[in-house]
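Chemist: To start, I am sharing the structure in question, which I have written as structure tokens.
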Amino acid sequence: MTLSLVIAVPVLETQLRREKEEELIFRGKQYIEAIRLYQQKKPGAYPTSLEELVKEKCLRKVFPDPMNPTGEWNLLLLPPTTAASPNQFSADSSKAGGTEKLLVVSPRALKKIRDPRIVGVVSSSTQKSIKIYEEEEYYNKWLFYYGQTPGKKPELIYQTEQ
């Protein structure tokens, strides 16, 4: 009996993590779709909070990050000097080798940013994943953002709390 439990527990833990990873991908894609709908309702505008997506009826509810015990996502924002086009985040993207630039901020740091423009979410968990998603194996590298170009990785600028 004890031996079977020793074998079964790691298998169950792995299965639960795989399910959480699938949920992370599903929820991340829900946020992308919600921001797309927000853009349709308010062309050129971006939400300043996840709650605004719910208020504007683009998202049913704020979904928690399944990989983080607190449920908080890190948010992906357009940098302050960025053009408001959904497919060209950085005005100087050609100088950066075609790489888009995105700010990564925690919900706490978001409060200190004037006129934030949220384009997506990323898990705040630094844990290594079981699955490799978009060539990344850490949850905090699984990016879900509106205007994502397949095969192009944005330059991430981490906004620290001060």
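The values are calculated or read from the model by the stated rules, or taken from the named source; none is laboratory data. Worth saying up front: this structure is predicted, and the values here are computed from it rather than measured. Because the Cβ atoms are built from the backbone with ideal geometry, glycine has one as well, and the counts that use them run over all protein chains shown.
Chemist: Pick from the range 133-142 the residues that are surrounded by fewer than 21 Cβ atoms within 10 Å (Cβ to Cβ) and touching a residue at least 24 places away in the same chain (Cβ under 8 Å): which of them is farthest from V119 (Cα to Cα)?
Modeler: Ranking the qualifying residues of the range 133-142, first place goes to Y133.
Chemist: Being among the aromatic types (F, W, Y), more than 25 Å from P43 (Cα to Cα) and not in a strand (DSSP E or B) is the filter here, so list the residues in the range 110-162 that pass it.
Modeler: Matches in the range 110-162: Y139, W142.
Chemist: Which of the residues belonging to the range 12-65 are among the hydroxyl-bearing types (S, T, Y) and either closer than 20 Å to S129 by Cα or over 12 Å from the mean Cα position of the chain (by Cα) (or both)? First the steps, then the outcome.
Modeler: Within the range 12-65, the subset among the hydroxyl-bearing types (S, T, Y) is 14, 31, 38, 46, 48-49.
Once the filter is applied, which keeps residues that are among the hydroxyl-bearing types (S, T, Y) and either closer than 20 Å to S129 by Cα or over 12 Å from the mean Cα position of the chain (by Cα) (or both), the range 12-65 yields T14, Y38, Y46, T48, S49.
Chemist: Output the qualifying pairs, or none if there are none: Cβ atoms under 9 angstrom, residues six or more apart or on different chains, first residue in the range 7-34 and in contact (Cβ under 8 Å) with a residue 40 or more places away in the chain, second residue in a helix (DSSP H, G or I).
Modeler: If the second residue must be in a helix (DSSP H, G or I), the pairs left are E21/Y139; L24/Y139; Y31/L50; Y31/L53.
The rows are residues; the columns are (1) crowded, with 19+ Cβ neighbours inside 10 Å; (2) modelled with pLDDT of 90 or more; (3) among the hydroxyl-bearing types (S, T, Y).
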residue	(1), (2), (3)
L76	yes, yes, no
A83	no, no, no
F89	yes, no, no
E100	yes, no, no
V121	yes, yes, no
